[in-house]
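I have placed the structure first, in the form of C-alpha cells, so that the comments after it can refer back to it.
The values are calculated or read from the model by the stated rules, or taken from the named source; none is laboratory data. Source: prediction; values computed, not measured. Glycine also receives a Cβ, built like all others from the backbone with ideal geometry; neighbour counts cover every protein chain displayed.
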Amino acid sequence: MGSFTTMTSKGQITIPSDVRDELQLLPGTRFYVAARDGQVVAIPRNKKLMDFAGILGKPPTGENLTVEEMRDAIGQAAADDDARIMGEPTERDG
C-alpha cells in the first residue's frame, strides 16, 4: 500500500494514515533513513528483537543450537575464512 506525500521546505514528510495504520506507527516512532538506488528508504524502529523470534522458521538442519554453540560456530567460520584468505588449510578441509 502506498500514497503520495509532499516534502516541506524543512525536509519533513507526512506518512499517510493508511500506511501508519498498516505499520502500526505511533507518534515518536524513530526511523532509519537511507538513500538506496535513487530511492529514499525509511525503516521504522518500532519492533523489539523478540518480535522477530521464529521469523525464519526452523533451522535447515532441524537442530536448535545454544547461544554458546552459535558463538563457537561463528568463531570457527571466521577462523576458517581467515585461513582461506591466507591460503592455509582449514578444519573443514579435513
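Pairs linking a residue in the range 13-30 that is closer than 12 Å to residue 45 by Cα to a residue that is modelled with pLDDT of 90 or more and in a helix (DSSP H, G or I), with Cβ atoms under 9 Å and 6 or more positions apart or on different chains, are 25/19; 26/20; 29/20.
Here is a yes/no grid of residues against (1) at pLDDT 80 or above; (2) under 20 Å from the mean Cα position of the chain (by Cα); (3) surrounded by 10 or more Cβ atoms within 10 Å (Cβ to Cβ):
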residue	(1), (2), (3)
10	yes, no, no
24	yes, yes, yes
51	no, yes, no
89	no, no, yes
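Residues of the range 26-40 that are surrounded by 10 or more Cβ atoms within 10 Å (Cβ to Cβ) and not aliphatic (A, V, I, L, M): 29, 31.
Determine whether residue 6 is at pLDDT 90 or above, surrounded by 10 or more Cβ atoms within 10 Å (Cβ to Cβ), hydroxyl-bearing (Ser, Thr, Tyr) and part of a loop (DSSP other than H, G, I, E, B). Against the criterion (at pLDDT 90 or above, surrounded by 10 or more Cβ atoms within 10 Å (Cβ to Cβ), hydroxyl-bearing (Ser, Thr, Tyr) and part of a loop (DSSP other than H, G, I, E, B)), residue 6 does not qualify. Only one of the listed residues (68, 63) is at pLDDT below 90 and in a helix (DSSP H, G or I). That residue is 68.
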